[in-house]
1. Mind checking which residues of segment 64-88 are open to solvent by 80 Å² or more (accessible area, probe 1.4 Å) and in a helix (DSSP H, G or I)?
2. Check whether at least one residue in segment 30-38 is more than 26 Å from LEU86 (Cβ to Cβ), at pLDDT below 80 and either open to solvent by 30 Å² or more (accessible area, probe 1.4 Å) or of a type in the set (A, V, I, L, M, F, W, C) (or both), and report yes or no.
3. Which residue out of VAL84, VAL89 is closer than 26 Å to SER15 by Cβ, β-branched (Val, Ile, Thr) and under 19 Å from the mean Cα position of the chain (by Cα)?
4. Given the conditions (1) open to solvent by 30 Å² or more (accessible area, probe 1.4 Å); (2) at pLDDT 80 or above, which single one is not true for SER15?
5. Taking MET47, is it at pLDDT 90 or above and either open to solvent by less than 90 Å² (accessible area, probe 1.4 Å) or more than 28 Å from ALA20 (Cβ to Cβ) (or both)?
Amino acid sequence: MEKDNKHTPGPWIVSSDGKAVRASADIMANYRRNVVNIGKRDNIGEMAANLSLCAAAPELLAALEAMLVTFYKPDSNVCKLACVVLAKVKGAV
């Protein structure tokens, strides 16, 4: 399913200065350097948590897609929620 994604391919990493999420070095040559910039925050812990979550996004997406392929049940509320989230990720919502 990943071939349909329009985002910068993962893996993504938190930058060494802790202010952005970047594509890994082997991906960076073909894409913008920063994938996500988090504005200055008073709460450094919150900023770090936001960056960590953003950096994990490509792996979270791949895991959700794999889980749906493996365990999909049309009557499952969890599967329905996962489908809504995937639609949002892909810009359909």
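The values are calculated or read from the model by the stated rules, or taken from the named source; none is laboratory data. Everything quoted here is computed from the prediction, not taken from an experiment. Ideal geometry is used to build each Cβ from the backbone, glycine not excepted, and the neighbour counts take in all protein chains shown. With ligands, DNA and RNA removed, areas are computed over all heavy atoms of the protein, side chains included. Shrake-Rupley method; radii C 1.70, N 1.55, O 1.52, S 1.80 Å.
1. MET67, VAL69, THR70, PHE71, ASN77, VAL78, LYS80, LEU81, VAL84, LYS88, listed by residue number.
2. Residues of segment 30-38 that are more than 26 Å from LEU86 (Cβ to Cβ), as a first pass: 33.
Still in the running and at pLDDT below 80: 33.
From what is left, the residues that are either open to solvent by 30 Å² or more (accessible area, probe 1.4 Å) or of a type in the set (A, V, I, L, M, F, W, C) (or both) are 33.
Looking through segment 30-38, at least one residue is more than 26 Å from LEU86 (Cβ to Cβ), at pLDDT below 80 and either open to solvent by 30 Å² or more (accessible area, probe 1.4 Å) or of a type in the set (A, V, I, L, M, F, W, C) (or both).
3. Being closer than 26 Å to SER15 by Cβ, β-branched (Val, Ile, Thr) and under 19 Å from the mean Cα position of the chain (by Cα) holds for just one of VAL84, VAL89, which is VAL89.
4. (1) is the only condition that SER15 fails.
5. For MET47, the condition - at pLDDT 90 or above and either open to solvent by less than 90 Å² (accessible area, probe 1.4 Å) or more than 28 Å from ALA20 (Cβ to Cβ) (or both) - is not met.
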